[in-house]
Amino acid sequence: MNNSNVVVAYDFSEHGRSVLERAIGLAARAPFHVLHFVCVLDPKKGIPAVPDNGPINFEYAERVRELLTARISSAFEDAGIRTDVQFFIHARIGVAATEILELAKEVGADLIFIGTHGYTGMKHLLMGSVAERVAREAGCAVMIVRAKTYPDIALEKVVEIPAHKRPTSHMTRFSYTNRTVIMRPPDWPSY
């Protein structure tokens, strides 16, 4: 199988953590994905995770790249990844959406993972949305990642129907009601 390039926009925030976990989970299940982690640095103030002691330049970007490498390595260890996953680290200075889209174009991305802060109303109008622009302008699929807030729900066991009671048709339909999977006769209408 050919490699699939995935751009992973990471910004050291809580939302970035969700993006990181989702990308690592994908690569663990399908190691043919090549991950391109990118952190875009504001040219005037850098990023909050790495204090700036001077100009935002190559040296600053190198410090960010080292911190990002350590964070990603730690995330792989925490996830217990035992397979070989190829990844690259990119620290770029500029406008976030522009740099993410440019990297995606450079590597021929098949997918972009990006987080969202979920701003609405006036805050959204004032700050804009990097995720929204990337989704609108990308030349590939974009997965906008949020931290899961739904509770985990355990499914009930699937009940096997004895062979002599199964319909003879090759098509089988199931219904899912009250956390139970029930085989339905093939002549039941579908919704």
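Observations
- Computed over the Cα atoms of the range 23-65, the ratio of the radius of gyration to the Kirkwood radius (Rg/Rh) comes to 1.17.
- For the range 4-145, the percent of C-alpha pairs falling in each 10 Å distance bin, counted from 0 to the bin holding the largest distance, reads 12, 43, 36, 9, 0.
- Debye log10 I(q)/I(0) for the range 1-73, one point scatterer per Cα, at q = 0.20, 0.24 Å⁻¹: -0.85, -1.08
- Average Cα contact separation per residue, the range 4-145, under 8 Å, 6 or more apart, as relative contact order %: 33 percent
- Distance between the modelled labels on Glu66 and Ala30, one decimal in nanometres: 3.6 nm (7 Å Cα→Cβ projection).
- Efficiency of FRET from Cβ geometry, Ala141 and Phe88, R₀ 22 Å, rounded to 0.05: 0.70
- Label-to-label distance, nm, for residues given as Asp78 and Lys45 (7 Å Cα→Cβ offset): 2.5 nm
- Cβ-based net charge around Glu106, under 13 Å, with every Lys or Arg adding one and every Asp or Glu removing one: 0
Each reported figure results from applying straightforward, stated rules to the coordinates on display, with no laboratory input. Please read these numbers as outputs of a predicted model, since none were measured by experiment. Glycine gets a Cβ as well: all are built from the backbone with ideal geometry, and neighbour counts include every protein chain shown.
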